[in-house]
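Colleague: Dropping the structure in here first, questions after.
The values are calculated or read from the model by the stated rules, or taken from the named source; none is laboratory data. What you see is a predicted model, and the numbers here were worked out from it, not measured in a lab. Neighbour counts run over all protein chains shown; Cβ positions are idealised from the backbone, glycine included.
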Amino acid sequence: MGRAAMIGETFNNDLYRGKVALVTGAATGIGAGIAFEFAKLGANVILHDLDLERLSNVAEKIARLGVTATRIGGDLALPGVAEKLFDQALAAHPRIDILVNNAGRSWGVETNDISADRTNELMELNVNSVLWLSKRFIMHAQARGGGGSIIQISSTAGITGFQRRAVYCASKFGVIGLTKVLALDHARDNIRINAILPHVVETDMFRTVATPQDSANWKAAIPMGRFAQVEDVANLVMFLCSPAASYLTGGLYPVDGGAMAGPFGADA
């Protein structure tokens, strides 16, 4: 099966020239890929992550493209960090045009082992930080005028259940509800809010934690027969934030190779 198309094959290289994009969870995986593709299309980027060492590596790679890459650390699983992050972002760039809420964690747990501490931590990161950053971005966009775009990175776990993922699924379902309501509330402010729902993305983290049998089982259930690449997610972000998507808001966009279309395979 073919891999994801390269950004340069699809989009004008100056598409986001003069724009500023804030991307959370940008040190690795999907977040790093999204930030790098924005930079390749001319955007200045504000990179957030808990891991400042890896974030520095991404910033150095982006800086070689001739755009500005600003690094901001902080653990969004802690109350108050999201608003502090947005303050720091505005101090670096007085105008922010795009927000990508990508930071998040997963947690597999049996029902009897669900604990308040870990649940609160996951909800603070996966839901609350998305709410507070979205609120601050919307207030900023209203004040400066001109609209803007928010992309929430949810998950296919936001529209269907996965075993031992009760807390994670609840958080990702919550992000989808938040996306829809904010899109309704701010459509006439020209602030577009959409959610992207990755399924299995072949990141370094996935390759580290998935056994060969896990990988084979997941892949067999995907109609297109391959896992998503980071570029598959990043390409959709580039489109949804562009003028070509100016009539799209409140949408949910699975990146799943057809997995959410219905049961697939010999055992379906």
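Colleague: Sort out for me the helices (runs of 4 or more DSSP H) sitting completely within region 85-188 that have 3 or more residues that are farther than 28 Å from residue 37 by Cβ.
Modeller: Numbers: elements: 116-123, 129-144, 166-186.
Qualifying helices (runs of 4 or more DSSP H): 116-123, 166-186.
Colleague: Where in region 4-65 are there helices (runs of 4 or more DSSP H), lying wholly inside it, with at least 1 residues that are among the hydroxyl-bearing types (Ser, Thr, Tyr) and over 25 Å from residue 154 (Cβ atoms)? Show your work before the answer.
Modeller: Working: elements: 7-10, 29-40, 52-63.
Answer list for region 4-65: 52-63.
Colleague: Another question about this same structure. Could you pull out the residue among 136, 144, 164 that is modelled with pLDDT under 95 and either more than 20 Å from the chain's Cα centre (by Cα) or within 27 Å of residue 245 (Cα to Cα) (or both)? Talk me through it step by step, then tell me what you get.
Modeller: Details: 136 fails: modelled with pLDDT under 95; 144 fails: modelled with pLDDT under 95.
The unique qualifying residue is 164.
Colleague: Consider region 153-177. How many of its residues are closer than 18 Å to residue 101 by Cα and in contact with a Ser or Thr (Cβ under 7 Å, 6 or more places away or on another chain)?
Modeller: 4
Colleague: Something else now. Closer than 23 Å to residue 26 by Cβ and modelled with pLDDT of 90 or more, is that true of residue 204? Working first, answer last.
Modeller: On the way: closer than 23 Å to residue 26 by Cβ: yes; modelled with pLDDT of 90 or more: no.
Considered against the rule, which asks whether it is closer than 23 Å to residue 26 by Cβ and modelled with pLDDT of 90 or more, residue 204 comes out as no.
Colleague: When residue 129 is evaluated against the numbered criteria (1) small (Gly, Ala, Ser); (2) over 17 Å from the mean Cα position of the chain (by Cα); (3) under 22 Å from residue 152 (Cβ atoms), which criterion, by number, is the only one it fails?
Modeller: Exception for residue 129: condition (2).
Colleague: Which ones in region 117-141 are buried (at least 18 other Cβ atoms within 10 Å of the Cβ) and either of a type in the set (A, V, I, L, M, F, W, C) or touching an Asp or Glu at 6+ places or on another chain (Cβ under 9 Å) (or both)?
Modeller: Answer for region 117-141, where residues must be buried (at least 18 other Cβ atoms within 10 Å of the Cβ) and either of a type in the set (A, V, I, L, M, F, W, C) or touching an Asp or Glu at 6+ places or on another chain (Cβ under 9 Å) (or both): 122, 125, 127, 130, 132, 133, 136, 137, 138, 141.
Colleague: So residue 224 ticks every box in (1) farther than 21 Å from residue 36 by Cβ; (2) in a helix (DSSP H, G or I) but one. Which box is left unticked?
Modeller: (2)
Colleague: From 2, 42, 8, grab the single residue that is surrounded by fewer than 24 Cβ atoms within 10 Å (Cβ to Cβ), more than 13 Å from the chain's Cα centre (by Cα) and at pLDDT 95 or above. Show your work before the answer.
Modeller: Working: 2 fails: at pLDDT 95 or above; 8 fails: at pLDDT 95 or above.
None of the other options fit; the residue is 42.
Colleague: Among what's in region 183-233 and is among the basic types (Lys, Arg) and more than 30 Å from residue 244 (Cβ to Cβ), pick the residue that is surrounded by the fewest Cβ atoms within 10 Å (Cβ to Cβ).
Modeller: Among residues in region 183-233 that are among the basic types (Lys, Arg) and more than 30 Å from residue 244 (Cβ to Cβ), the one surrounded by the fewest Cβ atoms within 10 Å (Cβ to Cβ) is 207.
Colleague: Step by step: first the residues of region 209-268, then only those that are modelled with pLDDT of 95 or more and aromatic (Phe, Trp, Tyr), then the one that is farthest from the chain's Cα centre (by Cα). Which residue is that?
Modeller: So, considering only residues that are modelled with pLDDT of 95 or more and aromatic (Phe, Trp, Tyr), the one farthest from the chain's Cα centre (by Cα) is 247.
Colleague: Mind telling me which of the residues 67, 23 ends up being within 27 Å of residue 11 (Cα to Cα), of a type in the set (Val, Ile, Thr) and more than 14 Å from the chain's Cα centre (by Cα)? Steps first, answer last, please.
Modeller: Details: 23 fails: more than 14 Å from the chain's Cα centre (by Cα).
Every option except 67 fails the conditions.
Colleague: Residue 125: out of contact with any helix residue (DSSP H, G or I) (no Cβ under 7 Å at 6 or more places or on another chain) and within 13 Å of residue 77 (Cα to Cα), yes or no?
Modeller: Working: out of contact with any helix residue (DSSP H, G or I) (no Cβ under 7 Å at 6 or more places or on another chain): yes; within 13 Å of residue 77 (Cα to Cα): yes.
Criteria met by residue 125.
Colleague: Quick check on my filter: what residues within region 45-79 are surrounded by fewer than 20 Cβ atoms within 10 Å (Cβ to Cβ), small (Gly, Ala, Ser) and under 17 Å from residue 19 (Cα atoms)?
Modeller: Selection gives 63, 66.
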